[in-house]
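Single-structure report; data block below.
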Amino acid sequence: MPRSKKDYYCDCADHEYLLTHVSKSTWLCHRSRRNNPKAAAARAARSLNDQISSDEEEGETEQGDARDSDPEPSGANDEGRISASRANIPPSALLSCAADTSHSAGPSSQSNLDFDTGNKEFHLPQPSSPHRPTVEEIPNEDDIVNRDEPPTLPHFDVPPPLDADEETLANDVYVNVTLDNLRISLTFIFGLANASLDDPESGLNAAAVERIRNPPQHQLSLDEDPDLKAAVKLYLKLSHAEKDYEAAREVSMESKDIEDFPTLYQAKQAVEQLSGVSGMMHDMCFNLCIGFTGQFAHLESCPICGSSRYDQLILAQSSGKKKVACKQFPTVPIGPQLQAMFRDPQSAIDMQYREAQTRKIFEELERNEGKVHVYEDFLDGSDYINAVQEALPMQGIGLLEGLKIWDASRNINYLSFPFLALGTADGPGLAYLNGFVGHHGKNGCRLYCGLRGRHKMGCTHYYPVLLKPHDYNVAGCSHPDVNVNDIRGASAEMYWNNLIYVLQSSNETEYKQRRLETGISKPSIFLGFPAERTLGIPKCFGSDIMHLLLLNLPNLLLKLWRGTIECEPPDTKASWYWASLTGNTWKALGKDVADTRPYLPGSFDRVPRNIAEKINSGYKAWEFWLFLYGLGPAVLYKRLPDDIWEHFCRLVHAVRIISQHSISCDKLCLANRLFLDWSKEFEMIYYQRLPTRIHFVWQSVHAIDHYGHEVETKGPLICASQWTMEHTIGNLIEEIQQPSNPYANLGQRAIRRAQINALKSIIPSLDTSDTKHLPCFAKDLGSGYALLKCQDWTSRATTVHEGWAIRDYIKRTCFDSPILQQFSNDGTIRVCRWARLQLPNGQIARSLWKETHFNARQSRNVKIMLDGKPRVGEVQYYIECRIDHTRPVEALAVIKLFSLPHQELLRQPHTTFISCQYLGDAGTIVVNVKSIHSVVAMVPHKLNDEDRFYMVEKPGADVTYLGGYLEEDEQIVDQQ
């Protein structure tokens, strides 16, 4: 029966943390005080004492009775607790966890079987990608109960839905968690879930809170104050501003004969106020152990290392009155940055991209019977599409407070409810977000697929080995072979079952055992976000193709091929036939890699160094990318045994596909099949079911099994890769000017970066870093193409072959063109040449005419479409030509083709080694410049004592399948 009147209780500091009946106005007024960590801790302690004072059975009964009656006496009020939906916690699971801690439910794990749990049937899940370690130890497997067989879960009776005013769920869970580390995690989760702009410890002043709640509703212009505009622009231009700014300020004041020009401090304050972005400062441990936030907010020393929070000298000099933190760290709120992106009309229109793109996607789904044909964005993934279909990101149902937005393009106000799509990080960083164990754990998969690892006898380091070793009987690791095709994606059901199992740990030993079995070390902080605003755990944590493909896998493969990976008796390196990159072979490989430098275009960025000399000197991820997946198939050809090389080329082919920004369904299916085949064959080639080689199978080998499914659910992985974050980290580190206090300096640089970016969104004219203007004397051809200088001052005669190629093009285009009369008897014609061409993808295609005059990396070899098929050629120069007075002027490229790829190599693994011959004058053709798609590298090499060139495309560029000629031109190998 509904209550006629609602009672209000408060247990904040004003009431000495005791549950007290209060009026509604007092209850509302003390809302933020009840969220204070001390109040939460006192509430938890009170509940614990009540539970301990009663018999365990009676306690359980009382908890069950409390759920069916008035919840207020538990000390939890609507603002002092978290609803199940807001905490992202399934009510049925956690109520069971809270009510029945005497049952010890076994963990869910990866299996290909269904098993009974009472009268309910569960189907166990699927995987996704790897992960790296936390600092917590993993106990010796010999001390752990053998759980080879899938455990039996107790049947949980799902209680009837709870009224919103009667949810004691979160506090019940908190009360029944006994271990300090888990309780601390839950406290922070609850604090995040209850976070409010009104929290006194948020770090935001009243003005900042008011601005977030009521953002400015006008366009910002600095035109009315030219001095302020000049000061802001000067501050934005001078990244290390202090001395430079003051010097420029003095010059400006002298040249303009003015006495008042904003100081650096005034410019900083202006940028902060105009952008609306300010840092939220919090104290932290001097030794970087913790931040004094959440339940640590009122501590005066670090609970881990014991160091003082405050500067003791200042504290002593002020007789304890002046408390100055030894160290602080800033947090930059995202709200003002999002609001800034709508303050300019064009920027606001750009922010409507998701809305417009979603509409297109659903129109495509309707036309294609619910299928996505091409994955080009996170929005194309099934996770996002399903969320939209369930109206999750479209509504603010159940949320207490949205973000107020003023949209300048439509001049309207509305509440926005941001949706947290993905949480990304490298392996060590992600462990702090998802709460999983590291990649050395038994469940070490980054995406929490449930694949159980295996370890060597007497060791605690697990590896994701699919095939059971011969003569192997290790407790907890002797499960049968796992079929790679049965590995599936992450399961929320398995995660929740296992999280409950870990939370029910009654002591440290039991916790370590359950952590080992489940792969969960603590509940994820992401549980504090509203359930309806995320994809849920573990779905919201994606794959990492940067570190896994460009650092981890190359490191593993090179260790194997060089024979430097650990060899454990009775295994011997003499049996490692794949370890062929040793001695002079390794040195020659390094030299060949370094010698490719002149042939790799400047648009390829950093070129790989001599890997034989520099592999231990900070070889970069981009260098590994170009070396392994670009040059690799060519420079490793005949240096690796044939079967090892073919196996490697399968990986290269799949990586080139999965690294694209646009992936068709057909290509995705091909890449997925190649990845699965590669990882399966990897174990058969290298590991060979030998217990002494278990350590050959790293998590990065398993991670790629998930890439196909991850693209299907989250779109192209490159869209959420770590490249952007790593680049930003590199930029910020370069800006550090105080090595003695780097973290404080880094924090201030991050705040400055956020303020400047927000201000540029509000006033786009301040952003001059990404202008689309063409250089002087360039000629815009439309569609992203433009001719660039140099240019002939006067016309010059072509060669005979070039003249005939131009004549053929004109004849094909207009057989009676008057230009045909201008050719001399030997077929030559006078032309004015252009040297360079800008392409829509941002690359600059140079030409042989001018490039040979400079010591530049070659950028004159291009990929073109000729009669609808891809070809590669060397640009000699560009010209303009009006073929007929009825036609516009055309820009043409004079090109000398390379031959079709070597067909025997194409029949071998997956078109990764494209080797051609240079046709010279015999291959001269002319094409419209808009037939040119990209700049490629053509690197010289020898094949059977024959001079040839192999093609390398820029990583991330669309993969060209030159193998398309295989059937049609099978009889032609190196002819035009």
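The values are calculated or read from the model by the stated rules, or taken from the named source; none is laboratory data. These figures come from a predicted structure and were not determined experimentally. Note: ideal-geometry Cβ built from the backbone for every residue, glycine included; neighbour counts use all protein chains shown. These accessible areas exclude ligands, DNA and RNA; they are computed on the full protein's heavy atoms, side chains included. Shrake-Rupley method; radii C 1.70, N 1.55, O 1.52, S 1.80 Å.
A straight chain from Arg597 to Asn741 at 0.36 nm per residue would run longer than the Cα-Cα distance by 48.0 nm. For the range 828-928, with all protein chains in place and a probe radius of 1.4 Å, 47% of the accessible heavy-atom surface sits on carbon or sulfur.
Note on Ser382 and His218: with the Förster distance fixed at 35 Å, the Cβ-Cβ geometry gives a FRET efficiency of about 0.30. The stretch between Asp257 and Ala588 holds 112.5 nm of extra length on full extension. This uses 0.36 nm per residue minus the Cα-Cα distance.
From the square roots a ≥ b ≥ c of the eigenvalues of the alpha-carbon gyration tensor of the range 460-608, which class results: rounded (a/c under 1.5), prolate (a/b over b/c), or oblate?
Numbers: a/c = 3.01, a/b = 1.50, b/c = 2.01.
Oblate, because a/c is 1.5 or more while a/b does not exceed b/c.
Straight-line cross-link reach from Lys789 at under 20 Å between alpha-carbon atoms covers these lysines, not counting any fewer than eight positions away in the same chain: Lys772, Lys779, Lys850, Lys930. Its relative contact order, with pairs defined as Cα atoms under 8 Å and 6+ residues apart, puts the range 762-865 at 27 percent. Its relative contact order, with pairs defined as Cα atoms under 8 Å and 6+ residues apart, puts the range 677-761 at 14 percent.
If R0 equals 56 Å, the separation of the Cβ atoms of Lys779 and Asn413 corresponds to a calculated FRET efficiency of about 0.75. Projected label points at Glu646 and Val209, each 7 Å from Cα along the beta carbon direction, are separated by 7.0 nanometres.
For the range 642-657, the Karplus equation 6.51 cos²θ - 1.76 cosθ + 1.60, evaluated at θ = phi - 60°, returns couplings of 4, 5, 5, 5, 5, 4, 5, 5, 4, 4, 4, 4, 5, 5, 4, 6 Hz by residue, with Gly and Pro reported as x.
The separation of the range 201-276 from the range 487-511, counted between C-alpha centres, amounts to 52 Å. With a Förster radius of 45 Å applied to the beta-carbon distance between Leu192 and Asp767, the computed FRET efficiency rounds to 0.85.
For Cα pairs less than 8 Å apart in space and 6+ apart in sequence, what is the mean separation divided by the residue count of the range 644-723, i.e. the relative contact order in percent? Present the calculation step by step, with values, prior to reporting the outcome.
Working: 62 pairs, mean separation 28.4, N = 80.
Contact order relative to length: 36 percent.
Since only Tyr577, Ser524, Gly423 are under comparison, the one whose Cα sits farthest along the positive direction of the charge dipole of the range 423-582, derived from C-beta charges on Lys, Arg, Asp and Glu, is Gly423. Prolate is the label for the range 734-847. Its Cα gyration tensor axes, ordered a ≥ b ≥ c, give a/c of at least 1.5 and a/b above b/c.
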